[in-house]
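What follows is a short report on a single structure.
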Amino acid sequence: MAGIDRRAAIGALVPLVVTLGAIVATYVTGTTARSIETAVGSPYLIFGFFADRFPALAFAIIFVLVRLLVVAIVATRPNILFRLLLLIPAVLLVLVAALYPTFGGIIARPGFMGGGFSMLDGRITGADAGFLLGGAISGVMLGLVTGFARGLIDWSWGFTWGRLARVILAFVAYAALGAVLAWGWATFERAGALFPRAPLTIIETIGLIGLIIVASAPQIVVAALSDAARRD
């Protein structure tokens, strides 16, 4: 398995930098779910329970979308102009999976069910363990959707043991991403966080930045290994 070089490290870190910038922009502009709905003005963009309970998922979606852009740039097949064209349906696939029929889509729902979400009272049973398990399931769902989207862009298909190892590591990293974000935001919520119903506070912003850094660290390492191996 190829080692991580400087170019691969920079490409893997770009999604994190953009995501952290999105968090800061959300704080500076005072963005809330209501302000987004008003700005978009579409009946198809519906926030709800999953937006209230797992708003950190929105920043995970930004992370993977930027990662898809990086893949479109660094991949070798097909032609780069075709890859950039294919990026459009790939992005739409992730957005539909994350936002239809409401925020969370097919990504958050299986996670909350697996984590012990009660349809009767809208609560998570099992407390921290429920959030960790549910978040991990949501992370794996995000990984599956992103994998299909990536397959549209990067045509370097084929089997090698190194590639299989990286795929397994990627799903472990996605599970960690979802688990850390779900559990971390539940902790913030218990401490009084009201985002996205209310704007982020400075404390919540700093906490969310730290949460994203910790949650995405395994994903960044796997992405850097993948990019380095592509050129090996």
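The values are calculated or read from the model by the stated rules, or taken from the named source; none is laboratory data. Nothing here was measured: the structure is a model prediction, and the numbers come from that model. When we count neighbours, we look across all protein chains shown, and the Cβ atoms used for this are built from the backbone with ideal geometry, even at glycine. The accessibility values were calculated without ligands, DNA or RNA, using every heavy atom of the protein model including side chains. Shrake-Rupley method; radii C 1.70, N 1.55, O 1.52, S 1.80 Å.
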Given the criteria at pLDDT 95 or above and not in a loop (DSSP other than H, G, I, E, B), does LEU133 qualify?
no
Test SER156 against the criterion of being hydroxyl-bearing (Ser, Thr, Tyr), buried (at least 16 other Cβ atoms within 10 Å of the Cβ) and either modelled with pLDDT of 90 or more or not in a helix (DSSP H, G or I) (or both), and give yes or no.
no
Hits in region 181-232 (condition: part of a loop (DSSP other than H, G, I, E, B), closer than 15 Å to PHE54 by Cβ and open to solvent by 70 Å² or more (accessible area, probe 1.4 Å))
LEU194, ARG197
Restricting region 52-72 to residues that are among the β-branched types (Val, Ile, Thr) and within 11 Å of the chain's Cα centre (by Cα), the residue that is most open to solvent (accessible area, probe 1.4 Å):
ILE62
Among the residues of region 37-51, what is the count of those that are part of a helix (DSSP H, G or I) and either exposed (fewer than 14 other Cβ atoms within 10 Å of the Cβ) or under 15 Å from the mean Cα position of the chain (by Cα) (or both)?
5
Restricting to region 23-35, give me the number of residues that are surrounded by fewer than 17 Cβ atoms within 10 Å (Cβ to Cβ) and either under 19 Å from the mean Cα position of the chain (by Cα) or hydroxyl-bearing (Ser, Thr, Tyr) (or both).
4
If I filter region 174-196 for residues that are among the hydrophobic types (A, V, I, L, M, F, W, C) and more than 28 Å from ALA129 (Cβ to Cβ), do I get at least one hit?
no
Entirely in region 53-129, the helices (runs of 4 or more DSSP H) that have 2 or more residues that are modelled with pLDDT of 95 or more and not polar (S, T, N, Q):
56-74, 80-99
Which residue pairs have Cβ atoms under 7 Å apart, sit 6 or more places apart or on different chains, and have a first residue in region 57-77 that is among the β-branched types (Val, Ile, Thr) and a second that is part of a loop (DSSP other than H, G, I, E, B) and open to solvent by 20 Å² or more (accessible area, probe 1.4 Å)?
THR76/SER156
Taking region 141-194 and keeping residues aromatic (Phe, Trp, Tyr), touching a Leu at 6+ places or on another chain (Cβ under 8 Å) and touching a residue at least 40 places away in the same chain (Cβ under 8 Å) leaves PHE148, TYR174, TRP183, TRP185
